[in-house]
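Q: Have a look at the structure that comes next, please.
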Amino acid sequence: MAAAGTKRKQEGSSPAPAPAPAPKAAKTTKSTTGVKASGVQDDMQPQLALIAQSNRTAFEKRVWTALCGIPRGRVTTYGLLSAHLGSSPRAVGNALRRNPFAPDVPCHRVVATGMTLGGFKGRWPRDGEGITLDEKRSLLRGEGIWFDDKGRVLGPPWVGWT
């Protein structure tokens with residue numbers, strides 16, 4: 001009889017209970033870092049929609065979408081952003097200058113390679129100061145960015161695309 005019982009199990013006449021279905025994942029889940037697998041900040045979906053619906057160039061849209069991946073309270077450089085996009089820093093700067101969604105699409109989070117502020121709103125003041133740089137500095141300070149006594153951003157640039 002033991003053989004018959006074994007045979008039934010092998011033939012599958014007494015199937016094992018089916019595993020419970022996996023719980024459905026939420027449509028949008030927040031990661032511990034606040035960055036989705038796509039490299040975009042969790043809270044940037046409205047800005048991404050504006051970018052996608054705009055009638056701007058494909059390159060400008062790529063640049064502005066990349067900006068949405070820079071975390072609040074962090075900065076990157078024109079050079080790092082351009083390397084990520086496979087472009088030149090000047091082309092990236094021109095796209096940032098034409099950003100109609102600033103500061104919601106955070107071009108203020110991009111600084112010069114030496115961690116100086118660089119330009120803002122299409123202007124690069126000759127004397128290193130001016131209302132536009134004061135505004136950029138204020139936006140960055142509001143996000144918790146610190147500056148040294150020469151006006152350079154403290155800390156390393158963000159390179160989270162790599």
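The values are calculated or read from the model by the stated rules, or taken from the named source; none is laboratory data. Predicted model only: the values in this text are computed from it and were never measured. Note that we place each Cβ from the backbone using ideal geometry, even for glycine, and neighbour counts take in every protein chain shown.
Q: Looking at region 93-107, which of its residues are within 13 Å of the chain's Cα centre (by Cα) and surrounded by fewer than 15 Cβ atoms within 10 Å (Cβ to Cβ)?
A: 104
Q: Could you give every pair whose Cβ atoms fall below 6 Å, whose first residue belongs to region 85-97 and is in contact (Cβ under 8 Å) with a residue 12 or more places away in the chain, and whose second residue is assigned to a loop (DSSP other than H, G, I, E, B), counting only separations of at least 6 or pairs across chains?
A: Cβ pairs passing all conditions: 97/122.
Q: Moving to a separate point now. Have a look at 72, 90 and point out the one that is surrounded by fewer than 17 Cβ atoms within 10 Å (Cβ to Cβ) and over 25 Å from residue 49 (Cα atoms).
A: None of the other options fit; the residue is 90.
Q: When residues of region 140-158 are filtered for being at pLDDT below 95 and touching a helix residue (DSSP H, G or I) at 6+ places or on another chain (Cβ under 9 Å), how many remain?
A: 1
Q: Right, next: Just to verify a result, which residue in region 42-68, among those that are of a type outside the set (Val, Ile, Thr), surrounded by fewer than 20 Cβ atoms within 10 Å (Cβ to Cβ) and under 13 Å from the mean Cα position of the chain (by Cα), is nearest to residue 113 (Cα to Cα)?
A: 62
Q: Could you check, for region 122-135, whether at least one of its residues is part of a loop (DSSP other than H, G, I, E, B) and modelled with pLDDT of 95 or more?
A: Among the residues of region 122-135, not one is part of a loop (DSSP other than H, G, I, E, B) and modelled with pLDDT of 95 or more, which makes the answer no.
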